[in-house]
Protein chains: 2
Amino acid sequence: MISPQLTLPRQTLADVDTPFLALDIDKMDKNVARLANKLNALGAAIRPHLKTVKSIDASERILANKSAGATVSTLKEAEELAAAGFNNLLYAVGIDPSKLPRVMALRRQGVDIAILLDSEHQAQAVIDACTETDIDIPVLIEIDCDGHRGGILADDPKLLQIAAILEPRQLLRGVLNHAGESYSCDSPQDLIACAENERATAVAAAKNLHKAGFNCPMVSIGSSPTAHFSANLKGVTEVRAGVYVFFDLVMAGIGVCQIEDIALSVVTTVIGHREDKGWIMIDAGWMALSRDRGTARQKIDQGYGLVCDLAGVPIPGLIVGDVSQEHGQISLRTDSTAQLPQLKIGTRLRILPNHACATGAQHSQYHVFSAAQSEQKTDSETQQLAVQAVWPRIKGW
Amino acid sequence: MISPQLTLPRQTLADVDTPFLALDIDKMDKNVARLANKLNALGAAIRPHLKTVKSIDASERILANKSAGATVSTLKEAEELAAAGFNNLLYAVGIDPSKLPRVMALRRQGVDIAILLDSEHQAQAVIDACTETDIDIPVLIEIDCDGHRGGILADDPKLLQIAAILEPRQLLRGVLNHAGESYSCDSPQDLIACAENERATAVAAAKNLHKAGFNCPMVSIGSSPTAHFSANLKGVTEVRAGVYVFFDLVMAGIGVCQIEDIALSVVTTVIGHREDKGWIMIDAGWMALSRDRGTARQKIDQGYGLVCDLAGVPIPGLIVGDVSQEHGQISLRTDSTAQLPQLKIGTRLRILPNHACATGAQHSQYHVFSAAQSEQKTDSETQQLAVQAVWPRIKGW
C-alpha cells in the first residue's frame with residue numbers, strides 16, 4: 001500500500017536517529033475514511049486542506065483522484081501539488097495582489113486554482129490582472145461567521161459590491177467561510193451549534209448573491225471540529241478540513257477524536273535525569289515539538305505533548321512540561337497521582353503533539369510505519385515499528 | 001563583503017514573495033563585534049552557538065577562523081559545518097549513546113568535536129565506545145548552576161565518579177554550564193549576579209576536579225544575557241552565546257540590547273482589514289513567525305512580534321496580536337494610545353521576532369541586505385533594501 005521505491009526495510013522507529021516525526025499510516029487512513037464517510041452520507045464533497053500534511057505522498061494517499069478538490073495555504077504547496085498532477089486547488093488565504101502572477105502561471109498550466117478575497121480593493125486588482133492577461137482566475141468571497149479572522153458578514157453590502165466588480169469576467173465562483181471559533185468549543189452541543197452557524201452563514205451569503213442575480217456555484221465551509229459535528233449540510237457544496245487526517249491533543253481535548261486516533265508523534269530518546277526536580281530529559285525540544293501550547297486553554301493541559309512508549313501507549317501522568325531548543329523536560333502532570341517511571345538513558349519514547357500542523361512544520365519528512373498492518377501478520381515488535389517509507393514535506397511559501 | 005556568487009541584484013525586500021526572513025547584515029556584524037570586544041577585554045574566548053544561525057554563510061561571517069571553536073545543538077549542524085571546514089566543535093546537548101557513531105565519524109575526519117554528559121551511565125557508554133573503536137571523544141561534564149535544565153551540582157560526588165570513569169583514556173576535557181535562568185532577569189543587577197553565579201559555579205566544579213587530580217583544561221560557560229553582563233571571567237576559558245548575533249524582542253525585554261539592534265525580521269504583506277475589530281490582516285502567521293511567546297512573561301508583551309515599516313522602523317503601538325497558520329492579526333497593544341494606521345492591502349511590513357532562534361527555524365533561508373552599507377553610498381530606498389545574498393539554513397537533526 002506504500003510506494004515500494006521508498007521502502008527502507010532495515011530501519012525501524014527504534015533505530016532512526018532521534019528526534020524524528022513518525023506517522024502511523026493505519027491511523028491516518030482510518031481518520032481520512034471516517035470523515036469521508038460522514039460527509040458522503042450528508043451529501044457534501046470534502047476538499048482536504050493539505051496545509052496539515054504538506055506532502056505529495058500523503059496527498060496522494062488522501063485523494064485517490066487528483067482532480068478532486070484540495071485546499072492549500074501557500075502557493076508553494078499549490079505549485080508542488082500541481083507538478084505532481086493535482087489540478088483542482090483552492091488557495092484559502094486572502095490574496096495579496098502581488099502573488100497573482102504565480103496564480104496565473106498555474107492556470108496557464110491547466111490547474112483550476114481558485115483564490116479568496118474579502119475586499120473591493122482585491123477584487124479590482126484581480127479583475128484588472130485578468131483583463132490585462134486574458135487569463136481568468138475564479139474567486140471565492142470570504143464570509144465571516146464568528147468574528148474569528150477575516151471575511152465580511154453575509155449581509156454586508158460589500159458582498160454585492162465585490163460580486164459586481166467581478167461580474168464583467170464572471171470571476172465569482174462562490175463563498176467560503178471557516179468556523180475558527182470551533183477550536184474553543186468543548187461540548188457536542190456547542191460544536192453542533194457552531195457547525196450549523198457555519199453552514200447557515202455561508203448559505204445565507206450565497207442566497208444574497210443569488211437574489212441579486214449573481215452566480216454562486218460553490219458554497220465552501222469547514223474546520224476539522226465542525227466537519228465532524230455537522231448534522232446537516234443543506235446548501236453546502238464542499239467541506240474543508242485539514243488536521244483531521246492526523247488529529248492531535250487539541251482535537252482530542254475538543255472531543256473530535258480519541259487520544260488513540262492520533263496518527264502523528266515525535267520519536268525521542270531519554271538523555272538525562274534530574275531526580276531532585278522530577279524531570280526526565282529528552283532530545284526533543286521546541287525544535288522538534290514546536291512551541292504550540294494549544295491545550296493550555298483546554299480542560300487538560302498537555303504541556304508540550306503527551307508521553308507514550310515506543311509502541312504509542314500513553315505513560316500515565318507524563319507530559320513534556322517544558323522545552324528549550326533541543327531539550328525537553330518530561331514531568332508528571334501536576335494533578336497526577338502516578339509515580340515518575342524509571343526510564344533509562346537511551347529509552348525511546350513517542351510524544352503526541354498539541355497541534356499536528358505546527359509539530360509537522362518543524363520537520364522535513366515523515367517516517368511512515370504501519371503497526372496495525374504488521375499486527376495482522378503477528379510480526380515481532382521490531383517489524384511492527386518498521387519504517388515503510390520516508391515522505392518529504394513541502395517547505396516555504 | 002558578501003559572497004558575490006550569491007548576489008541577486010534585481011531583488012529587494014519590496015519584491016521577494018512574502019513572507020520571508022530578512023537579515024540586516026550590518027546589525028549582525030555590529031552585534032558580533034560587540035560581544036567579541038567585550039569578551040576579549042575580559043580575557044575569555046567566545047565559542048558562538050551556531051544553533052541560532054544554522055547557516056554556513058552566517059557561520060563564516062561570525063567566525064573568520066574555522067578552527068576557532070563553535071557550539072552546535074545537533075549533529076546535523078556539526079556534519080554540515082565540518083563539511084564546510086569548521087573543525088573545532090562542541091555538541092552541547094547531553095549525549096544519547098546511540099549517536100556516538102556519528103560523533104566518531106566526525107573525529108575520524110579530523111574534526112575536534114567534544115560532547116556533553118552528566119551521568120555515569122553516559123560516561124561508561126562513551127568510554128566503552130572509545131575503547132572498542134580506539135577513537136577518543138573528548139567529554140565535558142555538564143554542571144547545573146541555577147536548576148534550569150540538566151547537569152549536576154558542582155559539589156555532587158558524581159562529578160568525580162564521572163571523571164574517574166573517563167580517566168583510563170583521559171577523555172575529560174572540562175566542565176560546561178549555562179545560566180538558563182538569566183532569561184527571566186530584567187535588571188542589570190540580577191544579570192550581573194546571574195553571570196557571576198554561572199562563572200563561579202563552573203570554576204568551583206573545575207577546582208573540585210583539579211583537587212582530585214583530574215585534568216580540566218576547559219571551563220565553558222554562557223548564555224547571551226550573562227555573556228553581556230559578565231564583569232569578571234576569571235578561571236573561565238570560553239563563553240558560549242547564540243542569539244546575540246541576531247538579538248530579538250526577548251533580549252530587548254531583558255535589557256541586553258535595544259530594539260534597533262535586532263537584525264532579523266519577517267517581511268510580510270497586508271492582505272485584509274477588519275475595521276470592526278481593529279485588525280489588519282497579514283500573510284505571516286505562526287508558520288512564518290513561530291509560536292514563540294517569550295515576551296508574554298516580560299514587562300512588555302510583544303504578542304507574536306513588533307510591527308515595523310519596510311525600512312525597519314517600529315510603528316507606534318502595533319503588534320501581531322494573534323496568528324493562525326498563514327494569517328497574522330495586527331492590532332494595537334492594549335495599553336497603546338496610538339491610532340490604528342491606514343495600511344492598504346499590499347503594504348509591506350517587517351515583524352521583529354520574540355525569539356530569533358524559533359522564528360529563524362520556521363524558514364529555509366535568509367534574504368540578506370545591507371541598509372547601512374547602502375546609506376553610505378546615498379542610495380535610493382530601493383537600493384538600501386536590495387537583497388545581497390540568499391543564505392540557506394541547515395534543517396533537521
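The values are calculated or read from the model by the stated rules, or taken from the named source; none is laboratory data. Nothing here was measured: the structure is a model prediction, and the numbers come from that model. A quick note on method: Cβ atoms are made from the backbone with ideal geometry, for glycine too, and the neighbour counts reach across all protein chains shown. For the accessible areas, the whole protein counts, side chains as well, though only heavy atoms, and no ligand, DNA or RNA atoms are used. Shrake-Rupley method; radii C 1.70, N 1.55, O 1.52, S 1.80 Å.
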Before we move on, is B:Gln5 touching a His at 6+ places or on another chain (Cβ under 8 Å), modelled with pLDDT under 95, not β-branched (Val, Ile, Thr) and not assigned by TED's automatic domain parsing to the domain that holds B:Thr268?
no
Identify the residue in the range B:152-173 that is touching a helix residue (DSSP H, G or I) at 6+ places or on another chain (Cβ under 7 Å) and not in a helix (DSSP H, G or I) and, among all such residues, is surrounded by the fewest Cβ atoms within 10 Å (Cβ to Cβ).
B:Asp155
Of all residues in the range B:62-114 being small (Gly, Ala, Ser) and either part of a strand (DSSP E or B) or within 12 Å of another protein chain (Cβ to nearest Cβ) (or both), the one that is most open to solvent (accessible area, probe 1.4 Å)
B:Ser98
Has the range A:10-30 got any residue that is in a loop (DSSP other than H, G, I, E, B) and either of a type in the set (Val, Ile, Thr) or over 30 Å from B:Ser98 (Cβ atoms) (or both)?
yes
Out of A:His367, A:His363, I need the residue that is part of a strand (DSSP E or B), within 14 Å of chain B (Cβ to nearest Cβ), under 21 Å from A:Asp261 (Cβ atoms) and not β-branched (Val, Ile, Thr). Which one?
A:His367
Among the residues of the range A:285-308 satisfying the criterion of being assigned to a helix (DSSP H, G or I) and not aliphatic (A, V, I, L, M), which is surrounded by the most Cβ atoms within 10 Å (Cβ to Cβ)?
A:Trp286
Restricting the first residue to the range A:25-44 and requiring it to be in contact (Cβ under 8 Å) with a residue 12 or more places away in the chain, which pairs with a second residue that is exposed (fewer than 15 other Cβ atoms within 10 Å of the Cβ) and part of a helix (DSSP H, G or I) meet a Cβ separation below 7 Å and a spacing of at least six or different chains?
A:Asp26/A:Ala372
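Evaluate the following for A:Gly147: is it in a loop (DSSP other than H, G, I, E, B) and within 17 Å of B:Asp276 (Cβ to Cβ)?
Details: in a loop (DSSP other than H, G, I, E, B): yes; within 17 Å of B:Asp276 (Cβ to Cβ): yes.
When the stated conditions are applied, A:Gly147 passes them.
How many residues does the range B:57-77 contain that are of a type in the set (A, V, I, L, M) and over 15 Å from the mean Cα position of the chain (by Cα)?
The number of residues fulfilling the criteria is 3.
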Flagged in the range A:309-341 as in a loop (DSSP other than H, G, I, E, B), modelled with pLDDT of 95 or more, out of contact with any Leu (no Cβ under 9 Å at 6 or more places or on another chain) and not hydrophobic (A, V, I, L, M, F, W, C), in numbering order, are A:Ser324, A:Gln325, A:Glu326, A:His327
Checklist (1) within 14 Å of chain B (Cβ to nearest Cβ); (2) open to solvent by less than 10 Å² (accessible area, probe 1.4 Å); (3) in a helix (DSSP H, G or I) applied to A:Leu35, failing item:
(1)
Tell me the residue from A:Cys308, A:Cys357 that is in contact (Cβ under 8 Å) with a residue 40 or more places away in the chain, more than 14 Å from chain B (Cβ to nearest Cβ) and touching a Lys or Arg at 6+ places or on another chain (Cβ under 7 Å), please.
A:Cys308
Residue check for B:Asp190: open to solvent by 20 Å² or more (accessible area, probe 1.4 Å) and assigned to a loop (DSSP other than H, G, I, E, B)
no
Sort out for me the strands (runs of 3 or more DSSP E) sitting completely within the range B:205-284 that have 3 or more residues that are within 14 Å of chain A (Cβ to nearest Cβ).
B:264-274, B:279-282
Identify, by number, the condition in (1) away from chain A (no Cβ under 11 Å); (2) buried (at least 24 other Cβ atoms within 10 Å of the Cβ) that B:Asp118 doesn't meet.
(1)
Output the residues belonging to the range B:217-233 that are more than 16 Å from B:Ala193 (Cβ to Cβ) and surrounded by fewer than 21 Cβ atoms within 10 Å (Cβ to Cβ).
B:Pro217
Given the residues A:Thr334, A:Thr347, which is the only one that is of a type in the set (Val, Ile, Thr) and more than 23 Å from B:Lys99 (Cβ to Cβ)?
A:Thr334
From A:Asp322, A:Asp335, residue being within 14 Å of chain B (Cβ to nearest Cβ) and free of Cβ contacts under 8 Å to residues at least 24 places away in the same chain:
A:Asp322
Let me confirm something: among A:Ala231, A:Ala206, A:Ala193, which residue is assigned by TED's automatic domain parsing to the domain that holds A:Lys158, within 20 Å of A:Leu42 (Cα to Cα) and without any contact (Cβ under 8 Å) to a residue 24 or more places away in the chain?
A:Ala193
